[in-house]
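To keep things clear, I will list the structure first and then write my remarks on it.
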Amino acid sequence: MFCEKAVELIRELHQMGDGQLPAFNEDGIRQVLEEMKALYEQNQSDVNEAKTEGKSELIPSIKFRHSCLLRNQRCIAAYLYDRLLRIRALRWEYGSVLPTAIRFHMCAEEMEWFNQYKKSLATYMRSLGGEEGLDITQDMKPPKSLYIQVRCLKDHGEFEIDDGTVILLKKNSQHFLPRWKCEQLIRQGVLEHVIS
Amino acid sequence: MWWHRCSFVPLRPVYAEFELSLTAMGAKPSGRDVQGQSVCQRRPGSQGTKMEMPLWLAKGLYERKRRVLSVELPKVYREGWRTVFGADPIVVDLHKMGPYYYGLGSQMLHFDSPENPEIANTILQTFIGRFRRTMDSSQNAYNEDTSALVERLDCLERSLFKAGQSGLNSFQLWEKGRSSHLTASSLVINYRKRKMTDLQA
């Protein structure tokens, strides 16, 4: 039955809950596009035949193929759009630099889209708050204090804070650091916010 | 989840019984054509064929004036069940009666059944009747197993329940003074968990 491959694409996305991004199913998309091409060509020839020879009994088949084309188109559009929404969320959760594992799951065009989105976001952030701009990816939760206690969950190497001090982030070490410096690392799971 | 909401593409192909009738001119895809893999054969189809068809296809082929297709309503939208919903909508197991009761019901109105006003009204009243229970239970079930509460809800009601729970949990976090507690992103945690299971596999 037509359009089964297209629905399979959607199902694959749906099964990966929680906004995870599966690998880009290039093969699947290609198959759906080939099916669409075949349907379209059959319809073209049928339409010509119906027009020139007046065979209006072809019309139901033409309508059928047309419905399948529309269905395939809708499924592909939903697949691509949903992936873009997930990729957009990655910018807010991971920051500007994505881990390689995730980058492998994106196709070239999606990577390009991600870069453009980063640029738009950066331009926008620079335009806020006067001269220095405003980082709106910070302070996602209401801050209660300037400095926070953090514990290192894994080795992350050296870390420089604003006054020039260099801190060595070794696993299980605890530090008292400025909140705005740590937020990104906490989100990425490198540090852990300790509340006494 | 603010990051994704796939546009409503029903995942389970929604099949319903449709009766095919011919126009005066002749050929209609016969049963085999529609299920067929490749070329649509031009064979005079038979009038009055009954077959199952996905909803999107039925919508595409349906034509009000020419009466190419006529629809048999799924039984949950028919008179018998409508009376049940009228009596007491809360007791019905909407998950069993087709998990997309509201969605599919709205789509069925597309086929110009003479019962459309009654169907539409029943769907609306059912939702109104059940909503209060869904809302209350989602706002009062904190940190407990909710499977008994959601098992008889249809998909729309389940997403409402989930939204209610999410609001409740955020509020409780705030009450405990944990709303300023910075945490790792759930996305990051899940990616790491998947990497571990992939490595172990």
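Do you know which residues across the range A:180-196 are within 30 Å of the chain's Cα centre (by Cα) and more than 8 Å from chain B (Cβ to nearest Cβ)? It would help to see each step written out before you state the result.
In the first step, residues of the range A:180-196 are kept if they are within 30 Å of the chain's Cα centre (by Cα); the result is A:180-193.
Answer for the range A:180-196, where residues must be within 30 Å of the chain's Cα centre (by Cα) and more than 8 Å from chain B (Cβ to nearest Cβ): A:W180, A:K181, A:Q184, A:L185, A:V190, A:L191.
Of all helices (runs of 4 or more DSSP H) completely enclosed by the range B:49-116, which ones contain at least 1 residues that are under 18 Å from the mean Cα position of the chain (by Cα) and modelled with pLDDT under 90?
Values: elements: B:55-61, B:79-87, B:101-108.
Result: B:55-61, B:101-108.
Tell me, please, whether a residue that is over 25 Å from A:K118 (Cβ atoms), more than 14 Å from chain B (Cβ to nearest Cβ) and open to solvent by 80 Å² or more (accessible area, probe 1.4 Å) can be found in the range A:137-152. Reasoning before the result, please.
If we filter the range A:137-152 for residues that are over 25 Å from A:K118 (Cβ atoms), which is where we start, we get A:142, A:144-152.
Keeping just the survivors that are more than 14 Å from chain B (Cβ to nearest Cβ) gives none.
Checked the range A:137-152: no residue is over 25 Å from A:K118 (Cβ atoms), more than 14 Å from chain B (Cβ to nearest Cβ) and open to solvent by 80 Å² or more (accessible area, probe 1.4 Å).
Quick one: which residue in A:I102, A:I76 is within 13 Å of chain B (Cβ to nearest Cβ), at pLDDT 90 or above, open to solvent by less than 60 Å² (accessible area, probe 1.4 Å) and in a helix (DSSP H, G or I)? Write out each step before concluding.
On the way: A:I102 fails: at pLDDT 90 or above.
The match here is A:I76.
Which of the numbered conditions does A:E132 fail, given that it passes all the others? Conditions: (1) open to solvent by less than 40 Å² (accessible area, probe 1.4 Å); (2) outside the structural domain of A:A89 (by the TED database).
For A:E132, the failing item is (1).
If B:T83 satisfies all but one of (1) open to solvent by less than 70 Å² (accessible area, probe 1.4 Å); (2) out of contact with any helix residue (DSSP H, G or I) (no Cβ under 6 Å at 6 or more places or on another chain); (3) away from chain A (no Cβ under 14 Å); (4) not charged (D, E, K, R), what's the number of the condition it fails?
With (1) open to solvent by less than 70 Å² (accessible area, probe 1.4 Å); (2) out of contact with any helix residue (DSSP H, G or I) (no Cβ under 6 Å at 6 or more places or on another chain); (3) away from chain A (no Cβ under 14 Å); (4) not charged (D, E, K, R) applied to B:T83, the lone miss is (1).
Check B:R133, B:R152 and return the single one that is charged (D, E, K, R), part of a helix (DSSP H, G or I), modelled with pLDDT of 90 or more and more than 30 Å from A:P143 (Cβ to Cβ).
Every option except B:R133 fails the conditions.
Which residues, taken from the range A:13-32, are surrounded by 14 or more Cβ atoms within 10 Å (Cβ to Cβ) and over 15 Å from the mean Cα position of the chain (by Cα)?
A:G28, A:I29, A:Q31, A:V32
B:S159 passes all but one of (1) closer than 16 Å to B:Y100 by Cα; (2) in contact (Cβ under 8 Å) with a residue 12 or more places away in the chain; (3) of a type in the set (S, T, Y); which number fails?
In the conditions (1) closer than 16 Å to B:Y100 by Cα; (2) in contact (Cβ under 8 Å) with a residue 12 or more places away in the chain; (3) of a type in the set (S, T, Y), B:S159 misses (2) alone.
The values are calculated or read from the model by the stated rules, or taken from the named source; none is laboratory data. Not measured: the values here are computed from a predicted model. No Cβ is skipped: glycine too gets one built from the backbone with ideal geometry, and neighbour counts run over all protein chains shown. All accessible areas refer to the heavy atoms of the entire protein, side chains included, with ligands and DNA or RNA removed. Shrake-Rupley method; radii C 1.70, N 1.55, O 1.52, S 1.80 Å.
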